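I have placed the structure first, in the form of structure tokens, so that the comments after it can refer back to it.
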Ligand SMILES: Cc1cc2nc3c(=O)[nH]c(=O)nc-3n(C[C@H](O)[C@H](O)[C@H](O)COP(=O)(O)O)c2cc1C
């Protein structure tokens, strides 16, 4: 066993360990609007939900050479964003939207990513994403020496495609989310294992 003293790690060394350890991660493909009304899209896998009433999620946005990423700048300005869930078929445009484009470039226009209107927030959603979460900014926590922005958003509307929606739930056998692993690696869901719920009779 390697025992690593975390205090001695640089930001890059700690990052390498964290992104390989906290896996598999779901991917939030976030759409925002800039001041000129251009649509920005970028993926962020450091994300989870953090509250269910009201429903809230948190996404960690790092900085680029100390500067805010376009997504973080737009969320601060407009205080709203949409989390579009990434499925296997969306890997190509999602991955390409993570490249470092100038702030004037709209990834959705450049990559021909079709959009659909949101109901309650201004940024549109990605039409091909089977689940989109319209969010209003609740809070930003600046964490650490590099000032990562932990963005907490309240979900004000859920869009769920009919094909994967069943009795108020997401059908686990039909939804095919893509996961992020360490480095430039992704994974599909493997076999789904169902365990008995609490209180069910034990096998003899
Ligand atoms: C699958 C995937 C997951 C990513 N997750 C994160 C993340 O959690 N936090 C982050 O700051 N950057 C993450 N990135 C990098 C951003 O997508 C990248 O910096 C992007 O250029 C930001 O775009 P923007 O400046 O338009 O906001 C990820 C990239 C990929 C491909």
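Read the figures in this text as sums done on the coordinates, not as results from a lab. For clarity, every value in this text was computed on a predicted model and none was experimentally measured. Here Cβ is always computed from backbone atoms with ideal geometry, including for glycine, and neighbour counts include all displayed protein chains.
Need the C-alpha centroid separation for region 65-87 versus region 131-182, integer Å.
13
Return, for the Cα atoms of the chain, the radius of gyration and Dmax in Å, separated by a comma.
Cα radius of gyration and Dmax of the chain are 18.2, 66 Å respectively.
Could you compute how fast region 66-173 diffuses translationally, taking Rh as the Kirkwood radius over C-alpha pairs and applying Stokes-Einstein at 25 °C with viscosity 0.890 mPa s? Give it in µm² per second.
The diffusion coefficient I find is 160 µm²/s.
If I take every Cα pair under 8 Å that is 6 or more residues apart in region 4-152, average their sequence separation and divide by the length, what percent do I get for the relative contact order?
With pairs under 8 Å counted, the relative contact order is 26 percent.
Rounded to the nearest 500 deg cm²/dmol, what is the calculated helix-only ellipticity per residue at 222 nm for the chain, with -39500 (n - 2.57) per DSSP H run of length n ≥ 4? Working shown, then result.
Values: 4 runs with 30 residues, N = 204.
After summing the helix terms and dividing by the residues of the chain, the value is -4000 deg cm²/dmol.
Quick one: which of 166-176, 34-44, 56-66, 13-23 comes out on top by average Cβ neighbours within 10 Å, and what's the full order, highest first?
Per-residue Cβ counts within 10 Å, averaged per peptide and sorted highest first, yield 34-44, 56-66, 13-23, 166-176.
Report the convex hull volume per residue for region 78-140, counting only C-alpha atoms, in Å³.
Output value, Cα hull per residue: 108 Å³.
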